Amino acid sequence: MAKRSPSPWQSVRRQWRRLRRIGRSGAARVVYHPRYSSAPTLLPTIDTQRARNILGFLVAEKLIRRGEVLRPRRVRMDRLRRVHTESYLDSLTRREALTAIYGVAITGARRDELITVHRSMAGGTLLAAREALENGDIVLNLGGGFHHAHPDRGAGFCLFNDVALAVDLLRERGLKGNILVVDLDLHDGDGTRAFFADDPSVHTFSIHNHDLDDTRAQGSTSIALGDHVDEDTFLAALEESLPPLLEELRPSFVFYIAGCDSAHDDRLGNWRLSAAAMLARDRRVIEGVRGLDPRLPLVILLGGGYGPGTWRYTARMASWLLSGGETVEPAGVSVATLAHYRRLTRFLGQGRKGRKPKSGALDWSLSEDDLPGHVQPRPHLLLGRYSLYQIELAVDRFGLLNALRQRGFTRLRLDFDLTNPTGQTVRLLEGDDQEVLVELRLNTDVHTLAEATLLRIEWLLIQNPRVSFDSRHPPLPGQQHPGLGLLRDIVSLLVLACQDLQLDGIVFTPAHYHIAVQTERIFHFLDPEAEALFLDLQELLGGRPLPEATRLVEEGRVRWAESGEPFQWDPQPMVLPIGLRLRGRWRREKKDYENAVRAARRPGRFVLG
Ligand SMILES: [Zn+2]
């Protein structure tokens, strides 16, 4: 079908809308991340491009300006742990759990991708809630509404209950009063109801086809209308139940899950709601909430909706919301074209030069990875075992992320690079500038020690990029920034990983004298000669502060006594035996090793000069 070019009249209307919007204060905004549209395609009924299509339409129709689109971060692991049970979060490291929630096998890299998409969308609901609370706005998250997620289990395509997570945030920020969750997805909001079963201050209101359980909460309205419901029946039920509840409850915050699986053309649903009825539904909720108080914070979430036309219902509602009362029909917009993506890319990417974007505002452009169909097989598990999610969960439980947050690093993110030819790399990054706090590169090593498989630390950087050295705290060789005091924690995590992977031990090669000093209490040099040499060096330098001692070595001021030549640090491998086999071997060979070290000692071989 040939693409229609807009008539002059259409262009004038768009310009008029744009001008009208400029005159209005930002009363409604949208939350979106390109990741929303990058979820792996798992089921033909789920349209992964739904969010992008809605935003593309709003951009094309000039219904939204750049400053009105907010970019979320993925929800933090510690908040997930406050709201969901530890055993549930653990279960998500296993393939079967995700497969049960989605009903199709989810394997390989798609597990991490899927969890990340869900964390981003839940993060979107948190951002929307924060913005709505601060500004009394209506904020539409182009994702979320995962109402089947319970505290201890996921279900029906829902991993994390974003509304429960957002309520946790709102209460943390001091929001008092009642919170209302209006859930008009076709399906029962059973997960959200379970979360607040004992909390009368959160009222869950759900009109749906069938009850999914018989849990009744202290504050809940649950209306099951059955199958094949027509629009008059539905709208009458809504009219009868919602306005009196709003009056009675007088909420201080409202979530609206505007699921579109109740529409007549939905691929999974069997209700018969027309496009006009869907819009009437949305308007009834929004006008009801804002009629109570024009500054009452309202967060709107997508919820369910299956099939290629689903996005249009939300687009229509968003056009009405953003234009201030005019509905724009989305049917004519050609969305699935590269030209569309380019326009969206331009829109999202045009940051004002030289100025840092406002927190939460979009400051990125789409990359090739964001385009559908860009799938390359690549390793997805660290050391063939650990997903990114799993590592973050372990590191958070270890208290490491919290310790860093208390030191002001509040936007931490873990990242993988498993295709680096010099070793699989994990990074802990902070903020938009992606400051590197920790960089760890690992390999397995079968060559260093006969009949042993070791975990080799190729590279370990631990630094506080926000602190500089001064004359009283000079840098150690190889350092750009002071450390973070996390070496012991990270080595402890690696020991656990070694045990879990049934590896024999850890090996690394200290690039500088001071690193050998810092690790000698747990690691020893593999070669007794190297150990003896190191002990001789320590005997010469041991009385001095470590920064001074290591600088003397680095600057060539330690000399061989015999020749007078400067000594050069020659990195040799150090080992920590962990597995039973290697520990037993080390115990048996320790006497011989110590004798060999003693025999190789030459205490006077170094002099300072
Ligand atoms: Zn649904």
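Is one or more of the residues making up the stretch 217-226 touching a Lys or Arg at 6+ places or on another chain (Cβ under 6 Å), of a type in the set (A, V, I, L, M, F, W, C), part of a loop (DSSP other than H, G, I, E, B) and under 27 Å from ALA129 (Cα atoms)? Scanning the stretch 217-226, I find at least one residue that is touching a Lys or Arg at 6+ places or on another chain (Cβ under 6 Å), of a type in the set (A, V, I, L, M, F, W, C), part of a loop (DSSP other than H, G, I, E, B) and under 27 Å from ALA129 (Cα atoms), so the answer is yes.
Looking only at the stretch 165-193, filter to residues that are more than 16 Å from the ligand (Cβ to nearest atom) and among the hydrophobic types (A, V, I, L, M, F, W, C); which one of those is nearest to GLU239 (Cα to Cα)?
First, the residues of the stretch 165-193 that are more than 16 Å from the ligand (Cβ to nearest atom): 165-180.
With among the hydrophobic types (A, V, I, L, M, F, W, C) added as a condition, the list becomes 165-167, 169-170, 175, 179-180.
Numbers: LEU165: 29, ALA166: 27, VAL167: 26, LEU169: 31, LEU170: 28, LEU175: 28, ILE179: 20, LEU180: 16 Å.
Looking at the filtered set, the residue picked out is LEU180.
Looking for something touching a strand residue (DSSP E or B) at 6+ places or on another chain (Cβ under 7 Å), surrounded by fewer than 17 Cβ atoms within 10 Å (Cβ to Cβ) and on the phi > 0 side of the Ramachandran plot - is there at least one such residue anywhere in the stretch 217-228? Scanning the stretch 217-228 turns up at least one residue that is touching a strand residue (DSSP E or B) at 6+ places or on another chain (Cβ under 7 Å), surrounded by fewer than 17 Cβ atoms within 10 Å (Cβ to Cβ) and on the phi > 0 side of the Ramachandran plot. LEU533 meets each of the listed conditions (1) more than 48 Å from the chain's Cα centre (by Cα); (2) surrounded by 11 or more Cβ atoms within 10 Å (Cβ to Cβ) apart from (1). Contact list please: Cβ distance under 6 Å, first residue in the stretch 253-264 and in the same structural domain as LEU140 (by TED's automatic domain parsing), second residue more than 15 Å from the ligand (Cβ to nearest atom) and β-branched (Val, Ile, Thr), pairs at least six apart or on different chains. Going by the 6 Å Cβ cut-off, the qualifying pairs are PHE253/ILE179; VAL254/VAL289; PHE255/VAL299; TYR256/VAL285; TYR256/ILE300; ALA258/ILE300.
Of everything listed in (1) assigned to a helix (DSSP H, G or I); (2) within 27 Å of ARG267 (Cβ to Cβ), the single unmet condition for LEU42 is (1). Filtering the stretch 101-122 to residues that are out of contact with any helix residue (DSSP H, G or I) (no Cβ under 9 Å at 6 or more places or on another chain) and under 13 Å from PHE157 (Cα atoms) leaves ILE101, GLY103, VAL104.
Listed here are the residues, each with its yes/no results for (1) surrounded by fewer than 24 Cβ atoms within 10 Å (Cβ to Cβ); (2) part of a helix (DSSP H, G or I); (3) at pLDDT below 95.
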residue: ILE106; (1), (2), (3): yes, no, yes
residue: ASP112; (1), (2), (3): yes, yes, yes
residue: ALA122; (1), (2), (3): no, yes, no
residue: LEU126; (1), (2), (3): no, yes, no
residue: GLU131; (1), (2), (3): yes, yes, no
residue: LEU140; (1), (2), (3): no, no, no
residue: ARG153; (1), (2), (3): yes, no, no
residue: VAL163; (1), (2), (3): no, yes, no
residue: ASP185; (1), (2), (3): no, no, no
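Considering each residue of the stretch 284-314, count those that are away from the ligand (no atom under 16 Å from the Cβ), within 22 Å of ILE207 (Cα to Cα) and out of contact with any Ser or Thr (no Cβ under 9 Å at 6 or more places or on another chain), and give that number. So the answer is 11. For the stretch 445-460, the criterion of being surrounded by fewer than 16 Cβ atoms within 10 Å (Cβ to Cβ), of a type in the set (Val, Ile, Thr) and free of Cβ contacts under 8 Å to residues at least 24 places away in the same chain is met by at least one residue. When the residues of the stretch 187-216 are filtered to those that are in a loop (DSSP other than H, G, I, E, B) and of a type in the set (Ser, Thr, Tyr), the one that is surrounded by the fewest Cβ atoms within 10 Å (Cβ to Cβ) is THR215.
Residues in the stretch 101-113 include at least one that is under 29 Å from GLU68 (Cβ atoms) and under 14 Å from the mean Cα position of the chain (by Cα). Test ALA149 against the criterion of being within 16 Å of the ligand (Cβ to nearest atom), among the small types (Gly, Ala, Ser) and either more than 18 Å from GLY304 (Cβ to Cβ) or crowded, with 24+ Cβ neighbours inside 10 Å (or both), and give yes or no. Spelling it out, ALA149 is indeed within 16 Å of the ligand (Cβ to nearest atom), among the small types (Gly, Ala, Ser) and either more than 18 Å from GLY304 (Cβ to Cβ) or crowded, with 24+ Cβ neighbours inside 10 Å (or both).
Restricting attention to the stretch 194-226, the residues that are within 16 Å of the ligand (Cβ to nearest atom) and of a type in the set (D, E, K, R) add up to 2. When SER471 is tested against (1) under 25 Å from the mean Cα position of the chain (by Cα); (2) farther than 28 Å from ARG583 by Cα, only condition (1) is not met.
Within the stretch 253-271, track down each residue that is surrounded by 17 or more Cβ atoms within 10 Å (Cβ to Cβ) and away from the ligand (no atom under 12 Å from the Cβ). Answer for the stretch 253-271, where residues must be surrounded by 17 or more Cβ atoms within 10 Å (Cβ to Cβ) and away from the ligand (no atom under 12 Å from the Cβ): PHE253, VAL254, PHE255, TYR256, ASP265.
What number of residues within the stretch 301-316 satisfy the criterion of being surrounded by fewer than 24 Cβ atoms within 10 Å (Cβ to Cβ) and farther than 20 Å from ASP162 by Cα?
Residues of the stretch 301-316 surrounded by fewer than 24 Cβ atoms within 10 Å (Cβ to Cβ): 306-309, 316.
Next, from what is left, pick out any that are farther than 20 Å from ASP162 by Cα: 307-309, 316.
Number of matching residues: 4.
Can you find, within the stretch 227-252, the residue that is nearest to the ligand (Cβ to nearest atom) among those that are part of a loop (DSSP other than H, G, I, E, B) and closer than 29 Å to ALA122 by Cβ? For the stretch 227-252, the residue satisfying everything is PRO251.
Within the stretch 272-312, the set of residues being farther than 19 Å from HIS147 by Cα, part of a loop (DSSP other than H, G, I, E, B) and not polar (S, T, N, Q) comprises ASP293, PRO294, ARG295, LEU296, PRO297, GLY307, PRO308, GLY309.
The values are calculated or read from the model by the stated rules, or taken from the named source; none is laboratory data. Model, not experiment: these values are computed from the prediction. Don't worry about glycine lacking a Cβ; one is built from the backbone with ideal geometry, like all the others, and counts go over all protein chains shown.
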